[in-house]
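Taking it in order: structure first as structure tokens, then the write-up.
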Amino acid sequence: MTDLMHESITIVEDLYKNREPVEDMKAIYFITPTEKSVDALVNDFKKKFKYKAAYVYFTDYCPNSLFNNLKTYCAKYIRVCKEINVAFLPYESQVFTLDYPDAFHSIYSIYGMDKNTTLQNIASQLATFCACLDENPGVRYRREPLDNAKHLAQLVDEKLAEHYEIDDNNKGKGKTNTQLLIIDRGFDPVSVILHELTYQAMVYDVIPIENDTYKYKTKDGASGKEKQCILNEDDELWVKLRHMHIAEVSAHIPKLVKEISANKKATDGKHNTIGALSQLMKKMPAFRKQMAKQTIHVSLAEDCMAEFQKKVEKLCKVEQDLAVGADVEGQKVKDPMRTLLPVLLQNYSTYDKIRAVLLYIFSLNGTTEENLNKLIQHIKIEDESKIILNWKELGVPILSSLNYQTRKTQRRDRSQEETYQLSRWTPVIKDIMEDATENKLDSKEWPHQSECPAAYNGSGAVSARQKYNKPSSTDDRRSGSRLIVFVIGGISYSEMRCAYEVSQASKSFKIYIGSTHIITPKHILDDMQSLSKSKVPMDTFEVYEEESKV
């Protein structure tokens, strides 16, 4: 609101709620091009105008039928009507989401009634992201038993072609030096279940964070005040620490504590001259802000370490062995059940036990029905067994007796890389990003829906129509290239981190990662449980509620 106030915008209201008319003011409408949104706008001017004039901005392409409706009733009041390509949320500098968590149920649930419509919506939103970057990427998808990625790749390519056909500034724009990879969530079930020990991923897993907001108590006096802060890129310290291992973050904490202590002493000291006092006052706002950020991360890191010492350290030892398939010494895990037992026998939460059981099942590529039933009984989730069984809807083998068309993903050899013992697992998406930047993706496993110019593909042939000189090396050819990776069904914080790590290592690539929404281990387990439930009754209730308001 502060930013908007600077632009002389004094009121922000929900389009769908009852609003008082302000006939002497102009209104900016920032809306999605849906029937519901357009009807709400039309109602503001149909009988009696609520505002002096309307400046309409659609997040995406507005269908002719809706546009004609708008023109019929509101033409004389509309001063500006534009379609802008922002049908997505930029979450971080290299991360975006479609803010579409309901897509998970629509696509993977047997009760999902509108899978095709959902994929159409995702395609439209994803196309606006590409257009916002002024890119028309070559599109590839990961071949899977489920055809979601293939279907979405076709739809996105169609949407991009439509966009550049009607875009006056880029009419007929050809494919750019960028690649878009589309993947179905079932490609890597392990990374969304593991306890992660990098700062951001750990915070969102073990600390109750809602809407990116961390609540904490100050340690002033006996009863500290409850405060809250938003974890985003406005906090430079958060950006610096978020991808570090918790061990490295903990090493920073004593330094931060010393700085806070020294700063407090500096402000408590005597300032004998007016000049000294004046200088202090000038520095105070920035000084207080810096001190507040430091205090937040001291508290947040301490909360993480408390959880680590209480349970996470022991869980990680088991989880890493199951995920990697080998122990710290590199010896193959011959009996995964023996590895799993310590978690089953200890007093861990039901969710922690479910996570360990899932990793055990993933490590075997599915288990027997008899064994699965015993595990479900042991952790006492007979009524919630779908939380495990529904992974099959993502194409992940749960029962070994079923004939799954799966193949073991070939992993990169990282045995020479330095890692922490409790962080040996590398998300599969990092392998994919590295292979893409090195032009090593197998075309059988990653078919092309449409191709980029030869310059990106790594071949020596460069079209004479391209406006750059013949490159002297592979690195020169790829200079300034972008890679967009989109995951249907949610991405984890550890997968987000990979986009930054591979971008930094490759130097010549900027990697963007996006999804329908961002997930934590708890979110994905709750989503799995919900796949067995129909959402139709709730939708019906909401429709009637809206009608009663009208």
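The values are calculated or read from the model by the stated rules, or taken from the named source; none is laboratory data. These numbers come from a predicted model, not from an experiment. Here Cβ is always computed from backbone atoms with ideal geometry, including for glycine, and neighbour counts include all displayed protein chains. Just so you know, the surface numbers come from the protein's heavy atoms only, side chains and all, with ligands and any DNA or RNA stripped out. Shrake-Rupley method; radii C 1.70, N 1.55, O 1.52, S 1.80 Å.
Yes/no per residue for (1) free of Cβ contacts under 8 Å to residues at least 12 places away in the same chain; (2) within 17 Å of T516 (Cα to Cα):
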{"site": "M1", "(1), (2)": "yes, no"}
{"site": "K17", "(1), (2)": "yes, no"}
{"site": "L41", "(1), (2)": "no, no"}
{"site": "K46", "(1), (2)": "no, no"}
{"site": "Y61", "(1), (2)": "no, no"}
{"site": "A75", "(1), (2)": "yes, no"}
{"site": "R79", "(1), (2)": "no, no"}
{"site": "Q94", "(1), (2)": "no, yes"}
Q: Within the range 356-377, track down each residue that is of a type outside the set (A, V, I, L, M), more than 11 Å from L322 (Cα to Cα) and out of contact with any helix residue (DSSP H, G or I) (no Cβ under 6 Å at 6 or more places or on another chain).
A: N365, G366, T368, E369, E370, N371, N373, K374, Q377
Q: Look through the range 11-32, keep the residues that are part of a loop (DSSP other than H, G, I, E, B) and open to solvent by less than 80 Å² (accessible area, probe 1.4 Å), and return whichever of them is farthest from D44 (Cα to Cα).
A: T32
Q. On the given criteria, is K408 within 23 Å of H523 (Cβ to Cβ), modelled with pLDDT under 95 and surrounded by fewer than 19 Cβ atoms within 10 Å (Cβ to Cβ)?
A. no
Q. Which helices (runs of 4 or more DSSP H) sit wholly inside the range 101-201 and have at least 2 residues that are of a type in the set (A, V, I, L, M, F, W, C) and farther than 18 Å from I518 by Cα?
A. 115-132, 148-166
Q) Given the residues D184, D157, D99, which is the only one that is of a type in the set (D, E) and out of contact with any Leu (no Cβ under 8 Å at 6 or more places or on another chain)? A) D157
Q) Identify, please: which residue in the range 66-89 is closer than 25 Å to D99 by Cβ and not hydrophobic (A, V, I, L, M, F, W, C) and is, among those, surrounded by the fewest Cβ atoms within 10 Å (Cβ to Cβ)? A) K82
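Being farther than 15 Å from I31 by Cβ and assigned to a loop (DSSP other than H, G, I, E, B) is the filter; apply it to the range 90-100 and report the residue that is most open to solvent (accessible area, probe 1.4 Å).
Of the range 90-100, the ones farther than 15 Å from I31 by Cβ are 90-98, 100.
Now narrow it down to the ones that are assigned to a loop (DSSP other than H, G, I, E, B): 93-94, 98, 100.
On the way: S93: 65, Q94: 19, L98: 7, Y100: 45 Å².
Ranking the candidates gives S93 first.
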Q) So which pairs qualify, if the first residue must be in the range 324-340 and over 15 Å from L358 (Cα atoms), the second must be small (G, A, S), the Cβ gap must be under 7 Å, and the two must be at least 6 apart or on different chains? A) K332/G325; K332/A326; V333/G325; V333/A326
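What about T128, is it farther than 25 Å from G395 by Cβ, open to solvent by less than 20 Å² (accessible area, probe 1.4 Å) and out of contact with any strand residue (DSSP E or B) (no Cβ under 6 Å at 6 or more places or on another chain)?
Working: farther than 25 Å from G395 by Cβ: yes; open to solvent by less than 20 Å² (accessible area, probe 1.4 Å): yes; out of contact with any strand residue (DSSP E or B) (no Cβ under 6 Å at 6 or more places or on another chain): yes.
So T128 fits the description; yes.
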Q: Considering only the range 494-517, state which residues are touching a Phe, Trp or Tyr at 6+ places or on another chain (Cβ under 7 Å), open to solvent by 10 Å² or more (accessible area, probe 1.4 Å) and either farther than 13 Å from M433 by Cβ or without any contact (Cβ under 8 Å) to a residue 60 or more places away in the chain (or both).
A: H517
